[in-house]
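Encoded as structure tokens, the structure appears first; notes follow it.
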Amino acid sequence: MTTRILLQQLLPEVVTLARTAALAVLRVYSTDFAVESKSDHSPLTAADRAAHSIIVAGLQHLAPEVPVLSEESELALHEFRNRCEWPRHWLVDPAKAREDEDRERFLREARLAPG
């Protein structure tokens, strides 16, 4: 099955996953939440973890044959030698904050990428 056909078939479910993750992010951001630092000193919150869990579990359920690489995945998955032979994979950034006119917008990115 080609990447285009797979994505067309899964798009409604992927949109639902993104919306579910968005609700989880908003629930966390409506509280007084803690911000931790990852090893690269970038921030990590419960919102990141919640969105990651929802999106990764959902994509693995929808297309178990397609690996998922998320910003919050184990570092070993990020290594080229572990992903160089994947014909395609999901590339996920679960809760990306963007500054927009004195307010923040949160994007959930899930892309079906070729090899």
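The values are calculated or read from the model by the stated rules, or taken from the named source; none is laboratory data. What you see is a predicted model; the values in this text were computed from it and never measured. Heads up, the Cβs are rebuilt from the backbone with ideal geometry, glycines too, and the neighbour counts pull from every protein chain shown.
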Do we find a residue being more than 21 Å from Ser73 (Cα to Cα), assigned to a helix (DSSP H, G or I) and not polar (S, T, N, Q) anywhere in region 33-49?
no
Hits in region 30-50 (condition: at pLDDT below 90, out of contact with any Phe, Trp or Tyr (no Cβ under 7 Å at 6 or more places or on another chain) and surrounded by 16 or more Cβ atoms within 10 Å (Cβ to Cβ))
Leu44, Asp48
Residues of region 1-14 that turn out to be of a type in the set (Val, Ile, Thr) and surrounded by fewer than 12 Cβ atoms within 10 Å (Cβ to Cβ), as a count
2
One residue is enough: does region 46-54 have a residue meeting the conditions farther than 19 Å from Ala113 by Cα and over 11 Å from the mean Cα position of the chain (by Cα)?
yes
Can you tell me which of Glu72, Glu65 is of a type in the set (D, E, K, R) and surrounded by 15 or more Cβ atoms within 10 Å (Cβ to Cβ)?
Glu72
When the residues of region 60-89 are filtered to those that are in a helix (DSSP H, G or I), out of contact with any helix residue (DSSP H, G or I) (no Cβ under 7 Å at 6 or more places or on another chain) and modelled with pLDDT of 85 or more, which remaining residue is farthest from Pro43 (Cα to Cα)?
His61
Given the criterion among the hydrophobic types (A, V, I, L, M, F, W, C) and in contact (Cβ under 8 Å) with a residue 24 or more places away in the chain, identify the matching residue among Val66, Val28.
Val66
